[in-house]
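Below is one structure, written out as structure tokens; comments come after it.
The values are calculated or read from the model by the stated rules, or taken from the named source; none is laboratory data. It should be emphasised that the depicted structure is a prediction, and the values quoted were computed from it without experimental measurement. So basically every Cβ, Gly included, is an ideal-geometry build from the backbone, and we count neighbours across all protein chains shown.
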Amino acid sequence: MAYEVTATRKRPATFSELQGQEFVVSTINNALNNERIAHAYLFSGPRGVGKTSAARILAKSLNCEEGQSDTPCGVCSNCQSIARGNSLDVIEIDGASNTSVNDIRTIKEEVLFAPNSSKYKVYIIDEVHMLSNSAFNALLKTIEEPPPYVVFVFATTEIQKVPATIRSRCQQFNFRLISVEKLKEILIGTAEETGITAEDEALFWIAKEATGSLRDAYTLFDQVVSFSGNEITMEKIRSKLGITGVDRVDAIAEEMARENTRRVLELTDEVLMGGVSIDQLVMDFTAYFRSILFIKNNILKESLVGSNPSRFSKTVVEQFSGAQVEYAIELLFKLYKDLKFSLNQRFELELAFSRLSSLCSYISPNEILRKIEEIRNEIKSGHLSVSEEKADSLPHTETEEAISPEIRDRIIQSLRKNKLALSSALEKAVSWSLKGSILQLTFDSTYSGNAVKSDLKSVREKTSEVLDESIDIEISIINPDRDGNSDLDENIELVKRVFRGEIVNGD
Ligand SMILES: [Zn+2]
């Protein structure tokens with residue numbers, strides 16, 4: 001599949017012009033300069049990264065009238081006919097439409113004739129994985145014992161579909177996707193060569209859209225040139241191709257971070273009125289929040305973030321937590337799916353954007369669980385008082401100390417003589433702690449707590465006496481009466497003690 005010679009850019013004529021495949025190029029150059037020519041090459045890799053171009057350059061390098069080298073002259077009749085695609089000795093075959101064993105038989109017969117006017121007869125078979133099994137088998141023999149003047153160059157996007165028997169008989173070259181940075185660099189060169197001024201952001205956008213394919217990058221570049229003239233700007237691309245652009249997405253996201261729903265909806269309307277489709281806008285926002293997630297995790301590589309990290313609003317990066325950004329992406333993914341079945345796509349979008357405007361107050365289930373766990377631990381340690389400022393008061397309890405069991409028993413015992421009910425209620429306290437001159441008693445039963453509260457004076461006096469200092473009492477009640485029976489049980493217990501009796505079954 002040959003790619004078109006574009007208005008702004010010719011095909012690479014030599015290996016040094018084949019960009020983004022440095023490893024492949026240096027290996028082939030070495031082979032050419034050392035006259036170590038294989039009879040079968042296999043170029044594999046994604047579409048649009050230079051496999052067919054490399055095959056044609058190889059053909060020229062082998063057949064140039066100036067002699068075999070990695071820099072074919074480009075002006076001799078052999079170089080020119082190969083460039084035009086009408087050399088009798090360079091045969092290009094599309095594997096996708098010549099898959100039968102008969103096609104291969106024709107090749108087998110043809111290879112027996114020496115080249116017309118060149119040193120080598122070069123067969124370039126593109127998409128070679130499309131050949132049938134019998135065609136591969138027919139080909140195998142020829143590759144194994146080719147006439148000395150024949151060179152095969154196979155190209156494929158799906159190396160795994162090429163039989164191992166063929167692969168093992170070829171010198172293999174793996175072509176790679178070209179990085180966004182490299183594509184941008186190539187485009188900068190192209191713009192300079194053709195006298196076109198271009199904004200850095202615009203070229204980065206083209207490079208990014210090309211997703212690793214130089215061919216796609218050139219095609220898109222030409223398309224942009226066709227409506228931009230000699231000056232490529234992001235603004236022109238935006239208005240012509242309906243792209244939202246980081247700036248506008250950023251402005252809307254910033255209003256989301258400020259929880260300004262009204263501005264979010266107004267700006268969204270402006271973008272949509274500018275011709276951006278709803279699908280596009282949702283995709284742009286998904287990509288945007290993905291970028292924010294990367295930046296929040298300190299991944300700042302431009303090709304990963306999708307734009308220069310400094311282009312993103314600080315407010316957005318700082319205002320949203322990682323969990324909130326993840327939630328935003330999740331919500332947008334769901335929105336994209338829902339749009340397919342939506343009665344009104346625009347309403348659906350506005351609803352989602354309105355929700356994103358309160359993203360700052362979103363709490364993830366994990367955070368809720370963590371809070372519950374904290375509270376549970378506070379309850380367990382007996383630190384949770386009924387007071388609402390509990391959380392704030394907790395850090396100030398550093399002077400708190402537990403009362404030793406002996407002293408506790410002495411207080412309870414000394415009350416038992418005259419205040420049996422009070423002493424029994426006091427025994428039910430789940431924690432005793434002394435904070436300065438205040439004794440904090442915690443109960444998990446309202447009944448016992450109230451019983452102690454009703455005669456605080458006695459407890460205060462007895463405690464002050466035992467501890468030999470003036471003590472105040474504070475009562476807290478936690479988790480009161482969960483099963484509802486504890487009060488009843490306690491009453492019975494109390495009655496039992498007061499009357500020094502035994503419980504007998506009433507029946
Ligand atoms: Zn030449």
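Mind checking whether some residue in the range 16-35 is more than 16 Å from the ligand (Cβ to nearest atom), of a type in the set (Ser, Thr, Tyr) and more than 30 Å from LYS141 (Cβ to Cβ)? Yes, the range 16-35 has at least one match. Filtered by the rule that a residue be closer than 22 Å to ILE292 by Cα and among the hydrophobic types (A, V, I, L, M, F, W, C), the range 211-255 gives MET234, ILE243, VAL246, VAL249, ALA251, ILE252, ALA253.
One residue alone among ASN86, ASN102, ASN98 is within 16 Å of the ligand (Cβ to nearest atom), out of contact with any strand residue (DSSP E or B) (no Cβ under 7 Å at 6 or more places or on another chain) and not charged (D, E, K, R), and that residue is ASN86. Just one of the listed residues (SER81, SER77) is at negative phi, within 16 Å of the ligand (Cβ to nearest atom) and buried (at least 18 other Cβ atoms within 10 Å of the Cβ), and it is SER81. Taken as a whole, the condition of being of a type outside the set (Ser, Thr, Tyr), assigned by TED's automatic domain parsing to the domain that holds ALA40 and modelled with pLDDT of 90 or more does not apply to PHE204. Do the conditions hold for GLU326, that is, is it over 12 Å from ASP279 (Cα atoms) and part of a helix (DSSP H, G or I)? Yes, satisfied. Return the residues of the range 300-337 that are farther than 23 Å from VAL246 by Cβ and either surrounded by 14 or more Cβ atoms within 10 Å (Cβ to Cβ) or of a type in the set (A, V, I, L, M) (or both); say none if nothing qualifies. Hit for the range 300-337 is ALA323, nothing else.
Regarding ASP483, is this residue more than 19 Å from GLU378 (Cα to Cα), at pLDDT below 85, among the acidic types (Asp, Glu) and in a helix (DSSP H, G or I)? So ASP483 does not fit the description; no. Only one of the numbered conditions (1) surrounded by fewer than 19 Cβ atoms within 10 Å (Cβ to Cβ); (2) at pLDDT 90 or above; (3) acidic (Asp, Glu) is not met by GLU235, and that is (2). Being buried (at least 22 other Cβ atoms within 10 Å of the Cβ), modelled with pLDDT under 95 and within 16 Å of the ligand (Cβ to nearest atom): is that true of ARG56 here? Against the criterion (buried (at least 22 other Cβ atoms within 10 Å of the Cβ), modelled with pLDDT under 95 and within 16 Å of the ligand (Cβ to nearest atom)), ARG56 qualifies.
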